[in-house]
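Trainee: Okay, handing you the structure first.
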Amino acid sequence: MSDTGTSQTSAPERAPDFSTAEDPFLLFETWMSEAEKSEPNDPNAMALATVDAGGMPNVRTVLLKGLDGPGSADRGFVFYTNFESAKGRELLANPKAGLLFHWKSLERQVRIRGPVSLVSHGEADAYYASRPRLSRIGAWASHQSRPLSSRDVLEAKVHHYEAKFPEEAIPRPAHWSGFRVLPVEIEFWMSRPFRLHDRIVFRRDAPRDSWQKTRLYP
C-alpha cells in the first residue's frame with residue numbers, strides 16, 4: 001500500500017462513496033461478491049486474532065465458511081477448527097476474536113471484532129459432511145498444533161483412519177466444530193491515493209443492538 005503519485009500535490013479524484021450503507025452485513029456481502037470475481041485465490045480467507053492465557057496475541061489465516069442469514073438474531077462469521085488446536089484452546093478460554101479480510105485486488109479490507117460462540121451440532125455436522133473425504137479423515141488424524149516427529153507419522157495416522165472409516169460416511173470428531181464471531185465492530189477500509197483512504201466503522205455495544213456508524217480519518 002505504497003504512496004501513489006507523490007510528486008503531485010492535488011487531492012485525488014473522488015471515488016464512489018460507500019459510506020451511505022446502513023447495514024454492515026449487506027455491505028460486507030457486496031464486497032465479498034466483488035472479491036470473488038477479482039481475487040485469484042481464497043477471497044474468503046481471513047486473519048483470525050486471538051490471545052493465549054498469558055495475553056500474548058496469536059494470528060493465523062482461516063477460511064470463512066458461513067455468514068448467517070439476515071433473519072438470524074445472532075448473525076456472525078463462521079469458521080471451523082480443531083478445539084485442541086492453539087486457536088481452539090484460546091477461543092474456548094477467552095471467547096473473543098478479531099478478523100481481517102484483505103482483498104489486494106480491490107485495495108480493500110474489513111476488520112471485525114466481537115465475542116465468539118460455538119455453532120450448533122447440527123451446523124457442524126452439516127458442514128463436516130460437505131467436506132472432501134480426505135479432509136474429514138484429516139480432522140481425525142491431525143493432532144493440530146501439537147509436536148509431530150515426522151511426516152511419516154501423520155501419513156500413518158491418515159492411513160489408519162482411512163481403514164477405520166472405509167465407507168463414505170465418517171462421523172465428525174467431538175473435538176472438531178465451528179466458532180461464530182458475533183461482531184460488535186465492523187470497519188470498512190478502501191485505499192485512496194496519497195494515503196487519504198476511506199474508513200467507515202459500524203459499532204454496537206452487544207451483538208443484538210443497533211449499529212452506530214462513524215467515518216474515521218485515514
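The values are calculated or read from the model by the stated rules, or taken from the named source; none is laboratory data. Just so it is clear, the structure is predicted and the values come from calculations on it, not from any experiment. Because the Cβ atoms are built from the backbone with ideal geometry, glycine has one as well, and the counts that use them run over all protein chains shown.
Trainee: Failed condition for residue 130, given (1) among the hydroxyl-bearing types (Ser, Thr, Tyr); (2) touching a helix residue (DSSP H, G or I) at 6+ places or on another chain (Cβ under 9 Å); (3) at negative phi, with all others met?
Mentor: (2)
Trainee: Give the residue, chosen from 49, 45, 21, that is touching a His at 6+ places or on another chain (Cβ under 9 Å), hydrophobic (A, V, I, L, M, F, W, C) and in contact (Cβ under 8 Å) with a residue 24 or more places away in the chain.
Mentor: Going through 49, 45, 21 in turn, the sole match is 45.
Trainee: Which residue, of 135, 177, 145, is over 30 Å from residue 72 (Cα atoms) and of a type in the set (S, T, N, Q)?
Mentor: 145
Trainee: Any idea which residue in the range 167-189 is surrounded by the fewest Cβ atoms within 10 Å (Cβ to Cβ), counting only those that are at pLDDT 95 or above and among the aliphatic types (A, V, I, L, M)?
Mentor: By that ranking, first place goes to 174.
Trainee: Say whether the condition of being more than 15 Å from the chain's Cα centre (by Cα), closer than 20 Å to residue 49 by Cβ and buried (at least 18 other Cβ atoms within 10 Å of the Cβ) is met by at least one residue in the range 89-97.
Mentor: Within the range 89-97, one or more residues are more than 15 Å from the chain's Cα centre (by Cα), closer than 20 Å to residue 49 by Cβ and buried (at least 18 other Cβ atoms within 10 Å of the Cβ).
Trainee: Going residue by residue through the range 159-181, is there one that turns out to be among the aromatic types (Phe, Trp, Tyr) and closer than 16 Å to residue 82 by Cα?
Mentor: Scanning the range 159-181 turns up at least one residue that is among the aromatic types (Phe, Trp, Tyr) and closer than 16 Å to residue 82 by Cα.
Trainee: Do any strands (runs of 3 or more DSSP E) entirely within the range 119-218 hold 3 or more residues that are of a type in the set (Ser, Thr, Tyr), and if so, which?
Mentor: Answer list for the range 119-218: none.
Trainee: Let me ask something else. Please pick out the residue among 48, 92 that is in a helix (DSSP H, G or I) and on the phi < 0 side of the Ramachandran plot.
Mentor: Step by step, each of 48, 92 is checked, and only 92 is in a helix (DSSP H, G or I) and on the phi < 0 side of the Ramachandran plot.
Trainee: State which residue is surrounded by the most Cβ atoms within 10 Å (Cβ to Cβ) when the search covers only the range 126-148 and only residues that are within 13 Å of residue 175 (Cα to Cα) and without any contact (Cβ under 8 Å) to a residue 24 or more places away in the chain.
Mentor: In this case the residue turns out to be 141.
Trainee: Please work out if residue 103 is modelled with pLDDT of 95 or more, over 30 Å from residue 186 (Cα atoms), surrounded by 18 or more Cβ atoms within 10 Å (Cβ to Cβ) and touching a strand residue (DSSP E or B) at 6+ places or on another chain (Cβ under 9 Å).
Mentor: Spelling it out, it is not the case that residue 103 is modelled with pLDDT of 95 or more, over 30 Å from residue 186 (Cα atoms), surrounded by 18 or more Cβ atoms within 10 Å (Cβ to Cβ) and touching a strand residue (DSSP E or B) at 6+ places or on another chain (Cβ under 9 Å).
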